[in-house]
Structure formats: structure tokens, C-alpha cells
């Protein structure tokens, strides 16, 4: 039996009303509240991208390591300390340093505009402050677990050296280099580190050449066209390769795990599609192939419904039969599966329930207790009505006496009649 009803009463539910102190309120904004947490993560991502962009700008504006010196100091003429080797006599397959002299000033000092330094310093302070705040909010008795985490150590390496330039601002016009400034990704750290340490050597490389060198080194044995020519740069690459062998596999494993879990949960129906397309949402506790196929065949039997999309919202995972059905071209372009519950507002938002043309709540046929099945169906219907009051619902119940739990009912005999009624 299929019933439809309109019920306008809504209940206001307030969350997080017991968080009183500052730490608890900050935990709400950073972790518990999904909307504010998403905004904070987006702002953090923007800060990291700006730091990367400013680093690239600094590299392009750099006049070269020969101009690196402290305020009031004459730049060191490094040519007198290096053996001049003609280009035709250079053996690029020789990995030994071309000179024993290392231009340490190029590692310690960087000549850059004051305005650029101010922006980089402010963004570094924001980035480090957020990292310290996350350590404080995540503290549960073991502070060393957070202080020695890879992400926090990377934040310290990226930001602390640059913030330390405040101690030199009154004496020096050039500043201590933020070697890996704002590069939160470890592979970007390798690129910037190799490019920076090569400033102390003979063969200077730009940012693109450094990126090429790192990609080739980690993907192959290396071609030998670019190589570190001083021992600090060589030591840096050895350390970074050792770190990459530990960190990168873990990151790729987490990425693969997240992708597989996302595949199981199904993708969300985007807001852009909801605004430009018409769709209906089908809620069911279990997705049996016979139930779903009966609904799809009856629903798309009407010619006016050919352009509609069907969003299947169910807490159960797809079995092998349902996966095969959804891969058929006839249904793959029309049916979208989302794993979730109609009792959760987040899952209803993923299905864009408030923008749907209609909501169909189907009861499972394998329930032995028909009254219990109707109770589950009515609960889901109430949740949908509270989330999207303007969306018409078509609810399937087994026992006629359960109609008293809804405002009013319009009875339909079959899915075919149901489909025709949904267009009116």
C-alpha cells in the first residue's frame, strides 16, 4: 500500500549547547561542526597555496646567490674560490663535487623585497599558530604524541626559521631563508630544498629543473642531467629519500583507503546538477534487485519521466547483483547510488532531498514483522518531512491501520499508478 501525506510541523534541535569553556567551543568550530570545520580547512588550504605562490615569486625575483649577504656586508666573490672548468671538459656523469668551496651565504641569506618578506612572515605565523592550536585542542594527556607527529614537525621546519627573522629585522635588510616556506606537501619540500641547497654549489637550478630532478629521481634511477654538486645538497637528498620511503607509502595507502571507502559510500548528488536537472530520491532499508528493478521499470514506463534521475539512498552496501545492474548503460546514466540513511540530515543533503521532485520510501519485502517494517518506514518519512517539508512523499506501508501515524493518505494500488500520480 502506498500513501502520501503533508505534515508541516517541525522540531528545532540544538546541538553543542553544553560546551562552555574556551577549549570545548574551539573543538566545536574545528572538529564537531562540519560547516565551520570545512571553512577552516579551506582557509588553511588557501594559506598553504599562497605560501607556495610567494615562494615561487621569491625564486623568480632572486638575483642569484652571489648577491646573498648580510646587511652592510660585501657579497663574497666566490669565483676566486672555485676552479673554473671549461664546459667541454665537464663530466656530467661524475657525481663528485666540482669544487670543495661551499657558498654558505647563499644558504643562510636570501635577498628579497621587504613587502614580500612581510607577507611571507604573516602567513607563516598564521600557519604555525593553527598547528599549535590543533595540538592544544587534540591534547588528551600525551603531548609528545602530537609534538613528534610528522605534520607538526613539518610545520615547524616550514615556519619557525622564517618567524625567527624578527630577531634580525632591526639589524639586517636581508633575512634568514625560509627554505621550505609554506610547503606542506613532502614532495614540494624536496623540490624547494634541492633548489635552495644548489644555491651553494656551482650548478644552480631553477624551480622547474628542481621539480624535474625530484620526479625523475623518485620515479626512476635518474638520468644524470641534473645532480647535486655539493655535499649539503647530496646529504639533503639522501635524508629526503629515506624520509620518502617511510612517509610516502603511508600517504598513498591512506589515499587509496579513502578512495575505496568513498566508492563504497557512493558519490553525492551535486548542487549544480540539482539546480539544472530533475531527480527523485528513493529511500529503502535494503536494496534488493527485484524491488529496485520493479520500481525502475514502472517509473520509466511513463514517457514524461525519461529525463528524471533516480537517486537510491540506502544504508546497505550494494551486492554483486545490484552492482551489475547499475553498470548496465540503460541504468548507469539514470540511477545514482548513495550509501546513507534517511534519518541523517547529512545524507539527505548529499542526496539533495530539498531539491528533489519527489521522495519514494519503499518498504523491504523480506520483513517477517510487517508492523516493524511500517514503523521503520514512518520514521524515515518523518525525518524526510522535517528536512524537506515541500517535497511530496510517496510512502509504502503494509498495514492499513498504520495510516493513523501520518496526516492523511492517498492510496495507490501499484507502482504504475504511483508513477503516473507523481507527474501530476
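Residue check: residue 288 meets all listed conditions (1) surrounded by 13 or more Cβ atoms within 10 Å (Cβ to Cβ); (2) in contact (Cβ under 8 Å) with a residue 60 or more places away in the chain; (3) more than 24 Å from residue 397 (Cβ to Cβ) but one, namely (3). Only a single item in (1) at pLDDT below 60; (2) outside any loop (DSSP other than H, G, I, E, B); (3) surrounded by 16 or more Cβ atoms within 10 Å (Cβ to Cβ) is not met by residue 128, and it is number (1). Scanning the stretch 301-344 for residues that are without any contact (Cβ under 8 Å) to a residue 60 or more places away in the chain and either surrounded by 13 or more Cβ atoms within 10 Å (Cβ to Cβ) or outside any helix (DSSP H, G or I) (or both) yields a count of 28. The number of residues in the stretch 361-389 being farther than 16 Å from residue 313 by Cβ, touching a helix residue (DSSP H, G or I) at 6+ places or on another chain (Cβ under 8 Å) and part of a loop (DSSP other than H, G, I, E, B) comes to 2.
Which of the following residues is surrounded by fewer than 18 Cβ atoms within 10 Å (Cβ to Cβ) and at pLDDT below 70: 182, 222, 201?
Sole residue among the options that is surrounded by fewer than 18 Cβ atoms within 10 Å (Cβ to Cβ) and at pLDDT below 70: 222.
Quick one: would you say residue 115 is at pLDDT 70 or above, surrounded by 12 or more Cβ atoms within 10 Å (Cβ to Cβ) and over 23 Å from the mean Cα position of the chain (by Cα)? Criteria not met by residue 115. Applying the condition of being over 20 Å from residue 158 (Cα atoms) and loosely packed, with under 12 Cβ neighbours inside 10 Å to the stretch 131-144 and asking which residue is modelled with the lowest pLDDT yields 141. In the stretch 293-300 there is no residue matching the filter, namely being in contact (Cβ under 8 Å) with a residue 12 or more places away in the chain, under 30 Å from residue 55 (Cα atoms), out of contact with any helix residue (DSSP H, G or I) (no Cβ under 6 Å at 6 or more places or on another chain) and surrounded by fewer than 15 Cβ atoms within 10 Å (Cβ to Cβ). Filtered by the rule that a residue be surrounded by fewer than 20 Cβ atoms within 10 Å (Cβ to Cβ) and part of a loop (DSSP other than H, G, I, E, B), the stretch 345-360 gives a lone residue, 357.
To keep it simple, each residue is scored yes or no on (1) touching a strand residue (DSSP E or B) at 6+ places or on another chain (Cβ under 6 Å); (2) within 30 Å of residue 208 (Cβ to Cβ).
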site	(1), (2)
239	no, yes
244	no, yes
248	no, yes
258	no, no
304	no, no
310	yes, no
314	yes, no
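The values are calculated or read from the model by the stated rules, or taken from the named source; none is laboratory data. Predicted model, so just to flag it, every value in this text is computed and none were measured. Neighbour counts are summed over all protein chains in view; Cβ atoms, including those assigned to glycine, are modelled from backbone coordinates with ideal geometry.
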